[in-house]
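Just below is one structure, and these are the notes that go with it.
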């Protein structure tokens, strides 16, 4: 998994690379397209040299994911040494506990985990970014706009046209089903932080109930206290600066040189 909706929206806004209108008045669904189309491999390859407003938004999404997963420098081979992996010990220690307790509470059909320790732990850390930003109140005034914008992704005509316009490759064969489920989950949220909490419920096969949301919230709060609000805030600042000027971290130029020039020789 990756940074979720609130994280991407606010990190991109605060970078100053886009206006609020460019993100929240018609483009939020495009910013989040790699998530509900499941096309991250394509986006990592194609978004580094972004041309046009839509591809710049895809680039902003992928740079945030890259930073949290792989760190502040381009690597030809992706090595998982970003913040989420360096900070995931609190979640790692509670891996078995999370699934066992959820099952005991009747929130899951089984106590058997549906993800690896590493997959579970780094996802929990990534979603702390959304929890942190939601609790700051910075997304509150966009909450209603977000709901309207997400209506797009349940529109098969819009989604098909967007995927075609961006020349997306390797999208999920069930992309319309994935997008509809993404929209359905997010639309159930009664507050910004519940967007991410419902996403975690779905990711780890908990019932999409308010009891599950409360359970995941309590779990995330424990992780958040141990990681520390200051540590999450520092990450937010780092990613915001990275999005403001991607060339500072040599992502675009390094990726373009390494992945394109050899093929042209």
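Derivation of every value follows stated rules applied to the coordinates shown; laboratory data play no part. Quick caveat, the model's predicted, so the values are computed rather than measured.
For the chain, a Gaussian network of Cα nodes joined below 10 Å ranks 221, 194, 112 by mean-square fluctuation, and the top entry is 112.
When the Cα convex hull of the range 5-264 is projected onto planes of every orientation, the mean area is 13.4 nm². Highest mobility in the GNM of the chain, judged by mean-square fluctuation with C-alpha springs under 10 Å and restricted to 79, 68, 129, is found for 79. Against the chain, whose longest principal axis comes from its Cα atoms, helix 192-203 is set at around 80 degrees. With contacts taken as Cα pairs under 8 Å and at least 6 residues apart, the range 5-264 reaches a relative contact order of 29 percent. Relative to the longest principal axis of the Cα atoms of the chain, helix 229-244 runs at roughly 20 degrees. The overall shape of the range 2-91 is prolate: from the C-alpha gyration tensor, with semi-axes ordered a ≥ b ≥ c, the ratio a/c is 1.5 or greater and a/b exceeds b/c. Under 1.5 on a/c is rounded, so check that first for the range 49-157, then, if it is not, pick prolate when a/b is larger than b/c and oblate when it is not; a ≥ b ≥ c are the square roots of the alpha carbon gyration tensor eigenvalues. It comes out oblate by the Cα gyration axes. Comparing 164, 241, 176 in a Gaussian network model of the chain where C-alpha atoms under 10 Å apart are linked, the largest mean-square fluctuation is found at 164.
Taking a ≥ b ≥ c as the square roots of the eigenvalues of the Cα gyration tensor, the range 149-253 is oblate, since a/c reaches 1.5 or more and a/b is not larger than b/c. Round to a whole angstrom and tell me the spacing of the C-alpha centers of the range 1-31 and the range 152-191. That distance is 17 Å. Taking the Cα atoms only, what angle lies between the long axis of helix 156-165 and the longest principal axis of the chain, rounded to 10 degrees? Approximately 40 degrees, to the nearest 10.
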